[in-house]
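As structure tokens, the structure follows; a few thoughts come after it.
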Amino acid sequence: MKRAVFLDRDGVINASVVRDGKPYPPDSVEEMEILPGVAEALRSLRAAGFELIVVTNQPDVARGKQTRAAVDAIHAKLSAELPLDAIYACFHDDAEACDCRKPKPGMLVNAARDRGIDLPSSFMVGDRWRDTDAGLAAGTRAIFIDRGYSERKPERFAVNVAGLPEAAAWILEQKQ
């Protein structure tokens with residue numbers, strides 16, 4: 001079984017668009033900005049043998065505020081520029097009560113099944129409570145990147161870090 005680092009997208013890999021203290025995804029590839037140190041952090045995790053899997057809620061598609069094509073274009077650019085193994089996206093809104101929308105663990109569980117990943121030896125890195133809760137529900141260790149959003153903070157996580165480079169360093173220090 002393989003180990004993985006599951007990564008939220010907006011606020012972890014690329015910059016969120018923050019309005020009134022709340023994070024939003026970029027509207028287009030042109031607006032998308034990969035955060036400093038992300039590529040290097042991902043390369044170090046890959047070199048250590050981790051699969052790198054993005055798990056992202058993109059409810060603006062269901063809400064009619066974003067097109068699937070725009071999200072797919074952002075994912076194509078991320079995949080071209082970063083050493084990612086897979087991207088799993090949930091396009092549902094809360095009202096649809098799907099199993100894949102974080103904080104439910106569906107995307108992580110599906111990726112683990114699809115890719116032969118051992119969840120207890122894996123990690124989830126996110127910048128919102130939904131991310132850490134999904135990681136914990138899937139049986140991973142959860143890492144919280146605190147971006148100072150004006151919203152509920154997660155209650156449980158293994159460590160609080162400033163960004164993905166610090167999260168990667170912490171993961172690499174852990175004994176498996």
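The values are calculated or read from the model by the stated rules, or taken from the named source; none is laboratory data. None of these values were measured; they are calculated from a predicted model. Ideal geometry is used to build each Cβ from the backbone, glycine not excepted, and the neighbour counts take in all protein chains shown.
Looking at this structure, is Lys102 crowded, with 21+ Cβ neighbours inside 10 Å, part of a loop (DSSP other than H, G, I, E, B) and not acidic (Asp, Glu)?
The answer is yes for Lys102.
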Exercise for the section: Test Arg156 against the stated conditions and say whether it is touching a Leu at 6+ places or on another chain (Cβ under 9 Å), farther than 14 Å from Asn57 by Cβ, surrounded by fewer than 20 Cβ atoms within 10 Å (Cβ to Cβ) and not aliphatic (A, V, I, L, M). Expected result: yes
Exercise for the section: With the condition kept exactly as written, say whether any residue in the range 61-74 is within 22 Å of Ala41 (Cα to Cα), modelled with pLDDT of 95 or more and either surrounded by fewer than 15 Cβ atoms within 10 Å (Cβ to Cβ) or among the β-branched types (Val, Ile, Thr) (or both). Expected result: yes
Problem - Which numbered condition Gly116 fails, given (1) small (Gly, Ala, Ser); (2) in contact with a helix residue (DSSP H, G or I) (Cβ under 9 Å, 6 or more places away or on another chain); (3) farther than 26 Å from Ala62 by Cβ - result: (2)
Fill in the blank from the handout: The lone condition Leu84 fails out of (1) of a type outside the set (Gly, Ala, Ser); (2) within 28 Å of Met1 (Cα to Cα); (3) loosely packed, with under 13 Cβ neighbours inside 10 Å; (4) in contact (Cβ under 8 Å) with a residue 40 or more places away in the chain is (3)
Practice task
Just name the residue that is surrounded by the most Cβ atoms within 10 Å (Cβ to Cβ) out of those in the range 111-142 that are among the charged types (D, E, K, R) and within 20 Å of Gly11 (Cβ to Cβ).
Solution key: Asp131
Practice task
Within the range 95-116, identify whether any single residue is farther than 23 Å from Val17 by Cα and among the β-branched types (Val, Ile, Thr), and answer yes or no.
Solution key: yes
Exercise for the section: Hey, can you tell me all the residues within the range 135-159 that are more than 15 Å from the chain's Cα centre (by Cα) and within 20 Å of Leu45 (Cα to Cα)? Expected result: Gly139, Ala158, Val159
Practice task
Could you give me the residue pairs with C-beta distances under 7 Å whose first residue belongs to the range 12-31 and is crowded, with 17+ Cβ neighbours inside 10 Å, whose second residue is at pLDDT below 95 and of a type in the set (Asp, Glu) wherever it lies, and which are 6+ apart or on separate chains?
Solution key: Pro25/Asp60
Practice task
Give, as residue ranges, the strands (runs of 3 or more DSSP E) completely inside the range 1-74 that count at least 3 residues that are under 19 Å from Val109 (Cα atoms).
Solution key: 4-7, 51-57
Practice task
Being hydroxyl-bearing (Ser, Thr, Tyr) and not in a helix (DSSP H, G or I) is the filter; apply it to the range 129-176 and report the residue that is farthest from Ser16 (Cα to Cα).
Solution key: Thr140
